[in-house]
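Beneath this line is the structure, given in structure tokens, with notes to follow.
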């Protein structure tokens with residue numbers, strides 16, 4: 001009998017942990033989007049004041065903001081490097097389709113237009129990113145506790161059925 005109770009407690013703990021993991025994914029998405037916003041702000045500043053090679057500017061801004069995108073450097077055209085970097089974002093960050101599309105779109109115009117064109121493009125991306133960040137915050141508020149609670153109650157229900 002004590003072994004059965006221990007098994008039930010472990011089942012409840014495992015189900016709660018699964019719910020907590022889903023909640024953590026919501027926070028990871030928000031954190032990535034905030035890092036990307038910091039990257040955009042750094043890009044706008046660097047482009048305004050240094051105006052150097054786009055590869056060097058992007059790499060230094062990624063390093064400065066610790067953006068987890070594996071940027072390849074100058075061996076290929078910029079857009080190809082950017083697309084590889086976006087494709088290399090770890091799944092841990094739990095980005096949605098709209099998030100990925102916005103990040104792809106960000107790199108589509110960098111290095112192709114004059115300074116004002118690039119700055120206005122980054123400003124547009126930043127405005128759209130603000131909406132995604134607000135959506136991520138809203139999801140955290142609505143779903144985070146729900147995932148944990150549902151995990152706990154699913155595990156408790158399964159444990160009760162096993163007893």
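Quick notes on this one:
- Matching helices (runs of 4 or more DSSP H) fully within region 55-163 where at least 1 residues are touching a helix residue (DSSP H, G or I) at 6+ places or on another chain (Cβ under 6 Å) and farther than 21 Å from residue 31 by Cβ: 78-87, 115-162
- Residue check, residue 6 outside any helix (DSSP H, G or I) and closer than 30 Å to residue 151 by Cβ: no
- From the options 115, 47, 26, residue that is in contact (Cβ under 8 Å) with a residue 60 or more places away in the chain, over 30 Å from residue 138 (Cβ atoms) and buried (at least 18 other Cβ atoms within 10 Å of the Cβ): 47
- Number of positions in region 118-133 that are without any contact (Cβ under 8 Å) to a residue 40 or more places away in the chain and either closer than 26 Å to residue 55 by Cβ or surrounded by 12 or more Cβ atoms within 10 Å (Cβ to Cβ) (or both): 5
- Condition met for residue 55 (over 16 Å from the mean Cα position of the chain (by Cα), farther than 17 Å from residue 105 by Cβ and surrounded by fewer than 16 Cβ atoms within 10 Å (Cβ to Cβ)): no
No value in this document is a laboratory result; all are computed from the given coordinates. Worth saying up front: this structure is predicted, and the values here are computed from it rather than measured. Neighbour counts are summed over all protein chains in view; Cβ atoms, including those assigned to glycine, are modelled from backbone coordinates with ideal geometry.
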